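Everything on this sheet refers to the single structure shown next.
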Amino acid sequence: MHQILTGINGLDVILCGGLIPASAMLIEGPPGCGKTTLGVQFIVNGIQQGEPGLVITFEQFADQLYKDAYNYGWDLKDMERKKMLRIICTSPSTIKDHLLQSEGIIHNLINRMGVKRVLIDSISHFSRITEKEGPLRELLFSLINALKQKNITVTLTKEMGLKEEPSFEEYVVDSIINLSYEHFGESRTRTIEVIKTRGHDHISGKHYIKFNTDGITIYPRQFIIEVDNPTPFADYIPSGISGLDRMVGGGITPGTSILLSGPAGTGKTTLAMQSMYNSMVKNGNKAVLFLTGESPDSVLRLASGYGWDMQDLQDKGLFKLVYHDFTKLNLEEHIREIDLVLRELKPAVVSVDSLPPMLHNLNDNSKLITEKIYQLNNLFKAHRCVSFLIVRTLLGTDQISSYGEEEALCDGIVILNSKKYGHTRRRSIEVYKLRNQKHVTGECGMDITDNGIRVFYVGKGGKK
Amino acid sequence: MQELEVVRFGLLDGIVKNSLPYRTTWQLRGESGTGKSTFAFQFTMGGLRRGESVIYLACDTPVRNLRNDFTSFGFVISQYEEAGQLKFVESYESEESGVDFIKDASDVQEFIYVLAQLIDQMAKPCRVIIDSMTAVAVNYSTQDLVAMVHEKNRLLRKEGVVMLDLYLKGTLEETGMYGLANAYDVCIDLYYPEEKGGVPQRNMRVHKIRSTDFDPRPFPFSIRTGQGLVVDKKFYSR
Amino acid sequence: MKDTKGIEEILNSICDSIIKIGLVIFLHQNQGALDTAEGLSRWLGKTEKEVKHALDELVNVGIVEIFGEGPSAIYSYTQDECILQVIEQFINGLSRENGPLNKAMSLLGGGK
């Protein structure tokens with residue numbers, strides 16, 4: 001079915017393609033959560049696509065709307081001058097009289113402008129005409145139908161308490177989205193949830209929304225990510241560490257997520273960097289490092305200590321380092337950023353160094369952690385990347401992961417460790433799990449030389 | 001079927017009935033001063049002169065000393081080293097720059113890995129000499145050593161590769177030595193026989209050769225600069 | 001063509017009525033306003049009666065247009081460019097510090 005794009009970042013994604021033309025969408029939520037802004041953005045985006053819009057407001061002064069919109073870079077006054085927009089401050093009874101009557105002023109105005117999108121802000125005011133549900137429902141129904149018959153797509157806002165039973169409005173509209181406040185980590189943020197859509201699918205659940213300088217952006221909590229024409233990588237991506245590659249039969253299958261765990265100082269960052277470096281230099285692939293724990297400087301210094309000039313690769317466009325201070329990281333935004341980076345660069349190998357700081361703001365909420373790791377993995381899988389998710393464990397324990405959730409979610413687990421033998425400390429690597437790939441089990445010795453990691457495996461155990 | 005490539009080593013001609021193929025492991029045992037290193041040098045030079053490559057793992061002494069030893073025996077090796085035909089590996093105290101090394105000889109996995117990597121890199125045929133296993137053995141119990149050697153030989157036994165391991169006799173338990181011999185295709189002893197008066201004469205005796213006949217009797221030999229061991233093969237026919 | 005000078009006179013003459021000033025300012029800032037007297041009285045927070053009275057006066061001078069009759073008649077702001085310009089100047093004059101606009105707005109209890 002043909003759908004029209006709302007043009008609002010992320011909204012068309014969660015609406016699985018947008019709205020059906022000549023349908024009605026209800027935006028409900030408590031005061032101040034962005035209902036009007038979302039509605040205005042829908043109108044503005046229509047105007048930008050050449051579709052004239054009409055805003056009918058029962059409570060907001062047009063003056064205030066101009067100012068608010070201007071903050072997002074939308075010059076509503078200019079749009080009005082160009083006859084692409086009309087903002088009408090009025091009352092429900094006027095709308096009733098002049099929209100439903102064929103010679104009504106608003107009726108004529110709509111015809112004259114060729115309006116394609118209408119925002120009614122807000123329908124809560126219709127109770128001024130009557131408090132009775134039956135007539136109210138009938139009134140709303142006829143209003144929406146009158147607009148639909150003119151091939152107009154309508155959005156209506158509705159003031160709503162935090163917990164309210166579904167009301168009659170919900171039966172007369174085609175789709176409903178709910179805006180609300182949510183405690184997300186430490187801070188209170190706004191969320192959006194599609195309650196229903198008629199005639200097309202949507203992504204259920206609450207999605208995080210943010211007010212950016214260009215309007216509202218929705219960060220879809222997306223579990224199924226579709227990437228058109230994912231990069232056709234080789235059958236497997238070698239790490240370039242010969243012993244490790246032998247352990248797994250030559251390399252890692254594209255789209256495999258690997259939990260890289262081990263105590264501090266066991267070489268996790270080095271292993272991931274070396275794999276990325278080798279993949280770029282030896283196989284001409286691209287790589288991205290999503291850094292949240294350490295500083296970019298220290299990681300680049302570590303790499304150059306092994307003779308890996310990541311800066312040079314970055315200049316050549318093969319490597320990208322995306323750094324965020326984890327205390328300020330917004331995970332939903334970051335996940336969207338990751339998706340965009342992957343779409344742009346199409347890397348074969350990515351590394352998340354490290355996972356716990358990236359998930360820091362989830363406050364150990366295990367449900368959310370599971371969800372986010374799942375989401376990350378799906379993202380990397382959709383882009384066919386070999387991904388290393390680095391997790392630090394405690395020395396001398398059998399702990400594999402930080403949260404106890406990651407091991408089940410990742411396709412593979414590689415554990416780095418070190419143990420004391422007499423007066424020397426020996427490093428080891430173990431491919432603990434690797435889905436759909438033959439691999440050597442048990443610990444294998446390794447060390448870290450001036451040139452990086454060497455894995456002391458000479459057999460052919462991983463051969464398919 | 002392709003003709004099996006054989007290890008050319010004149011020293012054993014006449015004592016061993018048929019030529020020995022590659023993909024074999026050799027054990028050379030001997031007391032101190034019996035000429036093990038000279039035997040190894042000769043084995044090295046034999047390969048190099050035939051255009052084969054050689055990996056020489058120095059465990060008892062730094063590589064720079066070893067180079068001098070080659071020279072003092074009249075063997076010139078610099079051109080082979082420059083050409084990359086001869087590769088020294090060190091497993092002895094601090095690492096000399098430019099020389100491959102094994103950091104921790106007591107780490108079986110590293111030990112085998114470093115050699116395997118080098119073997120992969122070198123042209124075939126290739127002779128691999130470990131001088132000596134005794135230095136490595138001090139890190140292990142006899143039982144672990146036997147297991148380690150078996151593991152090493154299993155993993156490194158490759159087409160076009162012959163391995164020669166030197167052992168200082170008398171440092172390992174006899175029972176252990178027996179277990180070790182099982183890991184080798186060729187076992188050769190160098191020793192001084194019990195003195196019967198006069199100048200002590202060094203002897204070489206082939207102990208074991210898998211799948212070919214050999215003369216098990218001891219043969220006296222002398223050491224000559226530029227040649228190495230010179231075995232008196234006519235000793236019994238005189 | 002309307003006589004600009006005449007409009008100025010009219011503007012001056014309505015300055016005595018806070019309701020009228022409020023209405024003009026509201027309509028000028030929210031030019032899309034389209035409502036009944038009752039509806040507009042809500043926007044302004046005044047009684048319907050006084051708003052209707054003011055509206056009728058503004059209709060008479062051409063600042064406001066009226067559609068329909070009786071209680072369901074709806075009013076809208078003029079779209080005459082000349083009048084709009086004059087009112088623009090008028091409001092700018094009012095909005096000087098301690099000017100009548102601020103006083104008017106504070107009395108109306110709305111706006112900025």
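The values are calculated or read from the model by the stated rules, or taken from the named source; none is laboratory data. These figures come from a predicted structure and were not determined experimentally. Heads up, the Cβs are rebuilt from the backbone with ideal geometry, glycines too, and the neighbour counts pull from every protein chain shown. The area values use the complete protein model at the heavy-atom level, side chains included, leaving out ligands, DNA and RNA. Shrake-Rupley method; radii C 1.70, N 1.55, O 1.52, S 1.80 Å.
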- Item | Residue tally, condition within 20 Å of A:Ala264 (Cα to Cα), small (Gly, Ala, Ser) and within 11 Å of another protein chain (Cβ to nearest Cβ), over segment A:426-460 | 2
- Message: Given the condition over 22 Å from C:Ala33 (Cβ atoms) and at pLDDT 85 or above, answer yes or no: does some residue in segment A:156-168 qualify?
- Response: yes
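Conditions tested, residue by residue: (1) more than 14 Å from chain A (Cβ to nearest Cβ); (2) closer than 23 Å to B:Val149 by Cα.
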| site | (1), (2) |
| --- | --- |
| B:Ser37 | yes, yes |
| B:Lys87 | yes, yes |
| B:Val99 | no, no |
| B:Ala105 | no, yes |
| B:Gln109 | no, yes |
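Suppose the filter is among the aliphatic types (A, V, I, L, M), farther than 20 Å from C:Ser76 by Cα, away from chain C (no Cβ under 13 Å) and in contact with a Ser or Thr (Cβ under 8 Å, 6 or more places away or on another chain); does A:Ile123 pass it?
yes
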- Query: Which one of these does A:Phe58 not meet: (1) more than 13 Å from chain C (Cβ to nearest Cβ); (2) closer than 20 Å to A:Ser124 by Cα?
  - Reply: (1)
- Residues that are open to solvent by 20 Å² or more (accessible area, probe 1.4 Å) and β-branched (Val, Ile, Thr), drawn from segment A:344-380: A:Thr370
- Among the candidates A:Ser351, A:Ser366, residue that is under 18 Å from A:Gln314 (Cβ atoms) and either touching a Ser or Thr at 6+ places or on another chain (Cβ under 8 Å) or in the same structural domain as A:Asn285 (by TED's automatic domain parsing) (or both): A:Ser351
- Filter result (open to solvent by less than 80 Å² (accessible area, probe 1.4 Å), part of a loop (DSSP other than H, G, I, E, B) and touching a Phe, Trp or Tyr at 6+ places or on another chain (Cβ under 8 Å)) within segment B:197-214: B:Pro200
- Query: Can you find even one residue in segment A:84-100 that is over 22 Å from A:Gly199 (Cα atoms), of a type outside the set (D, E, K, R), modelled with pLDDT under 90 and surrounded by fewer than 18 Cβ atoms within 10 Å (Cβ to Cβ)?
  - Reply: yes
- Name the residues in segment A:121-148 that are open to solvent by 60 Å² or more (accessible area, probe 1.4 Å), among the charged types (D, E, K, R) and assigned to a helix (DSSP H, G or I), would you? A:Arg128, A:Glu133, A:Arg137, A:Glu138
- A careful count of residues in segment A:432-459 that are assigned to a loop (DSSP other than H, G, I, E, B) and not acidic (Asp, Glu) gives 13
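Mind telling me which of the residues A:Asn45, A:Asn9 ends up being without any contact (Cβ under 8 Å) to a residue 60 or more places away in the chain and within 24 Å of the chain's Cα centre (by Cα)?
Just one listed residue meets the conditions, A:Asn45.
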- Message: Looking at segment A:388-431 only, could you name the residues that are in a strand (DSSP E or B) and among the aromatic types (Phe, Trp, Tyr)?
- Response: A:Phe388, A:Tyr421
- Task: Return yes when B:Lys36 is within 11 Å of the chain's Cα centre (by Cα) and either modelled with pLDDT of 85 or more or more than 24 Å from B:Thr171 (Cβ to Cβ) (or both) and no when it is not.
- Result: yes
- Message: Quick check on my filter: what residues within segment C:63-78 are over 14 Å from the mean Cα position of the chain (by Cα), surrounded by 14 or more Cβ atoms within 10 Å (Cβ to Cβ) and in a loop (DSSP other than H, G, I, E, B)?
- Response: C:Gly68, C:Ala73
- So B:Ile129 clears everything in (1) surrounded by 13 or more Cβ atoms within 10 Å (Cβ to Cβ); (2) touching a strand residue (DSSP E or B) at 6+ places or on another chain (Cβ under 8 Å); (3) at pLDDT below 90 except one condition, right? Which one? (3)
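Per-residue answers, yes or no, for (1) assigned to a helix (DSSP H, G or I); (2) in contact with an Asp or Glu (Cβ under 8 Å, 6 or more places away or on another chain); (3) on the phi > 0 side of the Ramachandran plot; (4) open to solvent by 20 Å² or more (accessible area, probe 1.4 Å):
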site	(1), (2), (3), (4)
A:Ile195	no, yes, no, yes
A:His202	no, no, no, yes
A:His207	no, yes, no, no
A:Phe211	no, no, no, yes
A:Leu259	no, yes, no, no
A:Ala264	no, no, no, yes
A:Val281	yes, no, no, yes
- Item | Filter pass, B:Val186 being touching a helix residue (DSSP H, G or I) at 6+ places or on another chain (Cβ under 6 Å) and either of a type in the set (A, V, I, L, M, F, W, C) or open to solvent by less than 70 Å² (accessible area, probe 1.4 Å) (or both) | no
- Query: If you go through segment A:222-257, how many residues are β-branched (Val, Ile, Thr), under 28 Å from A:Gln311 (Cα atoms), in a loop (DSSP other than H, G, I, E, B) and away from chain B (no Cβ under 14 Å)?
  - Reply: 3
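Among the residues in segment A:435-450, are any of a type outside the set (Ser, Thr, Tyr), touching a helix residue (DSSP H, G or I) at 6+ places or on another chain (Cβ under 9 Å) and within 12 Å of A:Val248 (Cα to Cα)?
yes
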- Is it the case that some residue within segment A:68-82 is touching a Lys or Arg at 6+ places or on another chain (Cβ under 9 Å), closer than 27 Å to A:Ile129 by Cβ and at pLDDT 90 or above? no
- Item | Matching residues in segment B:164-183 - criterion: being under 14 Å from B:Phe39 (Cβ atoms) and either part of a strand (DSSP E or B) or open to solvent by less than 10 Å² (accessible area, probe 1.4 Å) (or both) | B:Leu164, B:Asp165, B:Leu166, B:Tyr167, B:Leu168
- Query: Residues of segment A:326-355 being among the β-branched types (Val, Ile, Thr), outside any helix (DSSP H, G or I) and more than 17 Å from the chain's Cα centre (by Cα), which ones?
  - Reply: A:Val349, A:Val350
- Task: Answer with yes or no whether C:Ala104 is modelled with pLDDT under 85 and either under 22 Å from A:Gln60 (Cβ atoms) or surrounded by fewer than 16 Cβ atoms within 10 Å (Cβ to Cβ) (or both).
- Result: yes
- Message: Show the residue pairs meeting these rules: Cβ distance below 6 Å; 6+ apart or different chains; first residue within segment C:19-38 and assigned to a helix (DSSP H, G or I); second residue among the acidic types (Asp, Glu).
- Response: C:Ile19/C:Glu50; C:Gln29/A:Asp63; C:Ala37/C:Glu48; C:Glu38/C:Glu48
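Identify, please: which residue in segment A:66-120 is among the polar types (S, T, N, Q) and part of a loop (DSSP other than H, G, I, E, B) and is, among those, farthest from the other protein chains (Cβ to nearest Cβ)? Can you show your working first?
The initial filter retains those residues of segment A:66-120 that are among the polar types (S, T, N, Q), namely A:71, A:90-91, A:93-94, A:101-102, A:108, A:111.
If we keep only those that are part of a loop (DSSP other than H, G, I, E, B) too, we end up with A:90-91, A:101-102.
Details: A:Thr90: 4, A:Ser91: 3, A:Gln101: 10, A:Ser102: 14 Å.
Checked segment A:66-120; the qualifying residue farthest from the other protein chains (Cβ to nearest Cβ) is A:Ser102.
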- Those residues that are at positive phi and within 13 Å of chain A (Cβ to nearest Cβ), I need them from segment C:31-90; list them, please. C:Gly45, C:Gly68, C:Gly70
- Message: Suppose the filter is touching a helix residue (DSSP H, G or I) at 6+ places or on another chain (Cβ under 9 Å) and part of a helix (DSSP H, G or I); does B:Phe111 pass it?
- Response: yes
